[in-house]
């Protein structure tokens with residue numbers, strides 16, 4: 001690793017001030033569980049690290065019936081995994097965390113750090129896209145909100161300007177007759193998904209019609225991928241298992257996934273089809289179980 | 001300015017330390033090189049093997065993947081701080097008695113992961129033990145004995161047999 005300058009501001013205001021002063025030379029580090037790995041490979045060579053891991057004001061999980069779920073950016077993965085609020089409102093997030101790396105990493109790594117790392121293989125982004133989450137970002141010019149699906153620009157590139165910090169992830173209130181599920185292909189539990197998928201399905205209990213669907217995939221493109229093609233197959237139709245298979249095929253057809261040691265592009269396409277089908281089925285079951 | 005030494009004040013095994021470290025120094029490097037606490041192992045250095053596991057404020061974490069300066073103000077426990085003088089901690093004793101230790105390279109990490117688990121969950125299921133040491137690779141594949149030793153230690157710590 002190359003040497004770098006370092007400061008650990010005490011609060012968000014101080015951190016933004018420092019980042020503004022550094023004018024693009026500053027790089028934010030939170031838990032660093034992904035970032036230090038690429039710094040050790042000299043893929044990322046920051047001049048100056050602004051360490052926000054210790055900023056306690058961004059470590060919280062709240063749920064409000066009107067506003068929904070708010071997760072402070074510096075909440076650890078482990079806190080999300082164990083949170084009774086999350087288990088009650090959005091258990092899919094707790095399940096996702098159970099398969100995200102290992103407990104030693106979840107104890108230190110933060111949800112905001114993961115979201116901002118911009119790795120298309122990451123799990124939280126696709127689950128949050130399925131959940132229609134918004135990101136609250138603060139900078140010298142004030143605060144802005146962005147849909148998480150618009151946040152991802154390219155491989156490890158996100159819509160965060162120098163001097164801006166992600167402060168909160170907001171998930172809309174839980175809706176009735178809705179189920180959410182996430183799963184990924186792992187050689188070993190806790191691995192990065194070779195392919196991952198998340199689905200959010202809302203049904204009309206009167207006639208079994210799908211009235212809402214959001215489907216997203218990980219590790220199939222240079223960014224987390226929302227599959228509108230798969231969603232369009234489902235929305236407005238009475239769901240059958242054949243329809244899920246069709247949604248899987250529609251998701252797969254529009255992909256040109258990268259190939260690596262874990263899987264060829266063709267293999268990823270087949271797995272994308274299988275996992276979209278699988279998570280959509282699971283989400284539907286959960287939606288129906290809600291009555 | 002970039003290699004300027006910075007202040008690190010933290011507690012290691014109950015003892016307060018004040019050091020000057022480079023910003024890029026990893027917690028693992030400072031423990032081993034500056035404090036000469038070499039029981040914490042340098043394994044893969046890319047957060048894959050768990051040999052460098054320590055406890056930070058009671059939680060298991062990988063010291064190869066944390067900047068030393070991020071430990072400022074925190075309480076770190078390494079394998080050297082686990083025993084009570086010459087008396088091994090029940091987790092260590094159970095691992096010795098049960099024959100869990102083969103080459104021993106992963107052992108300190110295993111102990112630190114088990115210690116954090118049992119502090120939080122005194123009566124873990126076998127599944128919970130597996131999850132707690134899922135991030136600790138054993139090149140001898142001696143997992144079964146580690147799992148059993150942790151069960152034995154948990155029972156002992158609960159004041160049972």
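Here the Debye sum runs over all C-alpha atoms of region A:178-289 as equal scatterers in vacuum, and log10 of I(q)/I(0) at q = 0.15 Å⁻¹ comes out as -0.56. Peptide A:99-111 has a mean of 6 when you count, residue by residue, the C-beta atoms of other protein chains within 10 Å of its C-beta.
If each Cα of region B:1-158 is one equal point scatterer, what is log10 of I(q)/I(0) from the Debye formula at q = 0.08, 0.09, 0.10 Å⁻¹? Values returned for q = 0.08, 0.09, 0.10 Å⁻¹ are -0.22, -0.28, -0.35.
To the nearest 10 degrees, how steep is helix B:107-120 against the longest Cα principal axis of chain B, on a 0 to 90 scale? With rounding to tens, the tilt is 80 degrees.
With R₀ set to 60 Å, the beta-carbon distance separating residue B:139 from residue A:211 gives a calculated FRET efficiency near 0.70.
The calculated FRET efficiency for residue A:65 paired with residue A:204, based on their beta-carbon distance and R0 = 22 Å, is about 0.50. For the options B:62, B:126, B:115, a Gaussian network treatment of chain B with springs between C-alpha atoms closer than 10 Å singles out B:126 as fluctuating the most. Model label points for residue A:25 and residue B:102, set 7 angstrom from Cα along the Cα-to-Cβ axis, are 5.1 nm apart. Would you kindly calculate the translational diffusion coefficient of the protein assembly as shown, applying Stokes-Einstein with the Kirkwood radius from alpha carbon pairs, for 20 °C and a viscosity of 1.002 mPa s, and quote it in µm² s⁻¹ without decimals? Rounded to a whole number, D works out at 93 µm²/s. When chain A is treated as a GNM with alpha-carbon contacts under 10 Å, the residue of A:11, A:62, A:42 showing the greatest mean-square fluctuation is A:42. Simple spin-label estimate for residue A:189 and residue A:285 gives 1.8 nm between the two label positions (7 Å along the Cα-to-Cβ direction from each Cα). Under a Gaussian network description of chain A, with springs only between Cα atoms under 10 Å, the residue in A:259, A:247, A:30 that fluctuates furthest is A:259. Given axes a ≥ b ≥ c from the Cα gyration tensor, I'd like to know whether region A:5-51 is rounded (a/c under 1.5), prolate (a/b larger than b/c) or oblate. Taking the square roots of the gyration eigenvalues as a ≥ b ≥ c, region A:5-51 is oblate. The long axis of helix A:241-253 is offset from the longest Cα principal axis of chain A by roughly 40 degrees. Placing dummy labels 7 Å off each Cα toward the beta-carbon, the span from residue A:264 to residue A:85 is 4.8 nm. One Cα centroid belongs to region A:130-181, the other to region B:100-161; the line between them spans 38 Å.
No lab work stands behind these numbers, since they all come straight from the coordinates. As the structure is a prediction and not an experimental result, all values here were calculated from the model. Neighbour counts run over all protein chains shown; Cβ positions are idealised from the backbone, glycine included.
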